[in-house]
1. For every other residue with a beta carbon closer than 13 angstrom to the beta carbon of A:Arg230, add +1 if it is Lys or Arg and -1 if Asp or Glu, then tell me the sum.
2. Considering amide H positions built from the backbone, and no H for Pro or chain starts, which residues 5 or more places from B:Arg42, or on another chain, come under 5 Å of its amide H?
3. Where nothing but the Cβ of Lys and Arg (+1) and of Asp and Glu (-1) is charged, how large is the charge dipole of the protein assembly as shown around its Cα centre, in debye to the nearest 20?
4. Lysines within cross-link reach of A:Lys304: Cα-Cα under 25 Å, excluding same-chain residues under 8 positions apart?
5. Explain nothing, just compute: Karplus ³J(HN,Hα) = 6.51 cos²θ - 1.76 cosθ + 1.60, θ = phi - 60°, for every residue of segment B:425-431 in order, whole Hz, x for Gly and Pro.
6. Which residue, A:Ala190, A:Ala128, A:Ala113, has the most motion in a Gaussian network model of chain A that connects Cα atoms within less than 10 Å?
7. Under 5 Å between amide hydrogens, which residues at least 5 positions from B:Ile337 or on another chain qualify, with H placed 1.01 Å from N in the peptide plane?
8. Within 11 Å, Cβ to Cβ, of B:Ala246, how many net charges do the neighbouring residues add up to if Lys/Arg are +1 and Asp/Glu are -1?
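Taken together, the values in this text are just the output of simple stated rules run on the coordinates, not laboratory data. All values derive from a computational prediction rather than experimental measurement. Cβ atoms come from the backbone with ideal geometry, glycine included; neighbour counts cover every protein chain shown.
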Amino acid sequence: MIISKHLLGLEGVQREEISLILKTAHSFKEVLTRPIPKVPTLRGKTIVNLFFEASTRTRISFELAEKRLSADSINFTTSGSSVAKGETLKDTVRNIEAMKIDMVVIRHQASGAAHFLTQCLDAGVINAGDGQHEHPTQGLLDMMTLQEKFGRLHGLKVAIVGDITHSRVARSNIHGLMTMGAAVAICGPATLLPRDIPAAFGKDLLVFKKVDEAIQWADAVNVLRLQLERQKHGLLPSLREYAMHFGITRRRLEAAKKDVVIMHPGPINRGVELESDLADSEFSVILNQVTNGVAVRMAVLYLKSGGEQEVVNGNGL
Amino acid sequence: MPRTIETKSSKNLLIRGARLIDPSQALDKHGDVVIENGVITRVGDNLAAPQNFEMVDARDLVVSPGWCDMHVHFREPGREDEETIATGCAAAVAGGFTAACPMPNTSPAMDKREIVESIIKKSKETLVEVYPIAAATKGREGKELSEMAELVEAGAVAFSDDGCAIATAELTRRAMEYANMLGVPIIEHAEEATLDDGGAMNESMFSTKLGLPGMPTVAEDIIVARDILLAEYTGAKVHLAHLSSARSVELIRWAKQRGIEVTCEVTPHHFTLTDEAVAVSNYDTNTKMNPPLRSPRDVEAMIAGLQDGTIDVIATDHAPHAIEEKDAEFAAAPFGIIGLETALGLIITRLVKTNLLTLADAIAKVTVAPRRILNLPPVQIKEGQPANLVFFSPTKTWRVDKTKSYSKSRNTPFHEWDLTGRVFAVYNKQRWWMNPDF
């Protein structure tokens, strides 16, 4: 299998590659339980985490993955950087590359920013979230969590609930899950659903108008974070109304009379998209997602830096 | 640095055996043309060459009146790093245009006599006649009308707030009434700003996939509808710039059937490319323009509109931008592409070679139609008329090379495209420019 050195999104990534990443991630998860949870795999490699947008958990997760693999990692965040002085994205990253680095992890508010970097740099580019486009490692860690919980992805029913239009998590999950043979549905207020959904994602993607119908259908519900500024921009009447009509609550799950796994990419607006108690309940796998995030990112960094051969031979770890 | 146009003086010419196409007089035949002191003195067959005449063998060439691009951005004053009147005119000549109408979204906006006069003055040295389109409102702010009467005296041929629509329906009405009193049209950039706020590309399956904020066609259609109804109500003439939406073409077709004085234009990129180009090119900022590239259905409507005459004009919306501004993430890049030098090739490749439009009908949309809409002096291949001509091969194929551009900017999505139809020479103001790349 030929693996691109970049991970820009899950759209178009083959089933074999996703399977390999997930399989590798499961192995790395075992590493994380060891007394010394560290392997020398990426010793001598330098990875820069370029975060042009506020993020705590994704940045820490990548940083931890890099440290667990013994890579040298450097963090760059916009605060106090040259970006504030009007330097272009291209100049910023080329300057950093000139310091001899092997891989770039980028989080940026502009869709396509990770693609743009591949045109400016020779280094491998890992997309840690580009605008409203994709967040592939989130999609992968969600799939890993589902795989762990259900033992499979094929045939699994996953509903994604919330602000689909502005969600890179939704896009990566839709592409990844559909590639892996899962059934995917989306559900959200009409003002937060994008245009031409069947043409964009295929006719197999289901759209539910009512969240209760989505819950009734689903094996797992991935609850998206509602950006609080959507109300200001006139896309929602109020957070209260959102919580009432689209918030996932224990009452709704009980009405469905079945077990449903609850996921959330974080950070949670407790009481808005997800009832606080439910987030910490037996239905929730939210903290598993966070743990798996480190393992998935280790797998991605490892495979994208050319580690496939060793994994196949079973002696890479 | 951009290339410069090398011209030479040539008062007396005999053009031999050209295919002469002048849609203003339904002329399309082979013949000779004699030019004396820059004026056409004879048009006919097998004309004898007078003494001391330069002879041009034009047997494989089309000769038509010099083309007129009624929608360009020459960036002067304010962004002379992107284009100047001189470099914009050079790109125009290289594309076969001897007339160009720069839009007023300069910095400061073209809303004062002095700016209009200065732009015209700077064009005098070139082969191009420049006819400025002044701002409809002061500073293009959509609050008060500009001093239109004085601007017309200075040489403005129309009014527009291009870059955006005139802000309110009320002000659009007043601008139409006042411009109509002066006998000049309002040119509208049809875009309801509130629907496009923050948008980066056509709202479609591709914006959904790419996660880019969408610009829906209905944002264009609403202003087209508004302006059609206001044109009917006021009796004024309105010209709708750079159409891109199928529904807008339909609205204009309806308006024309009702006898409303509305005209419109389309750009070569809007009848050539679709919004899929944004996805295929992985967010290439040279696919970012306003109005955005639309769906295949919209492109088909542009072609149908050109065919049935609903769309009067082809104009380029030549929009130069600095390399460093376009070399950025998609959301951060400015809208627009350069177009003067690829227009002829795209028109012939996309419309004429495919038999969608006859060559004469295509030429009408860049000669007689824009001149009629803007009340410009007619340019004809006719005895007694000043010679203002473009010579081109309708069959010669060439590869677009943006590094050879005469514009100061390089922002084109057509780099390395193979196009059919190439300019051989331009003659105007008693001067020649021969294309060294022909």
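1. Numbers: positive: A:Arg225, A:Lys232; negative: A:Asp163, A:Glu229, A:Glu241, A:Glu273.
That works out to -2.
2. B:Val34
3. Values: 84 positive and 95 negative charges, 269 e Å.
That gives the protein assembly as shown a dipole magnitude of about 1300 debye.
4. The qualifying lysines are A:Lys5, A:Lys23, A:Lys29, A:Lys38, A:Lys45, A:Lys67, A:Lys90, A:Lys100, B:Lys209.
5. Listing the rounded values in order: 6, 10, 10, 6, 6, 6, 10 Hz.
6. A:Ala190
7. Those lying under 5 Å, H to H, from B:Ile337 are B:Ala319.
8. Around B:Ala246, the surrounding residues sum to -1.
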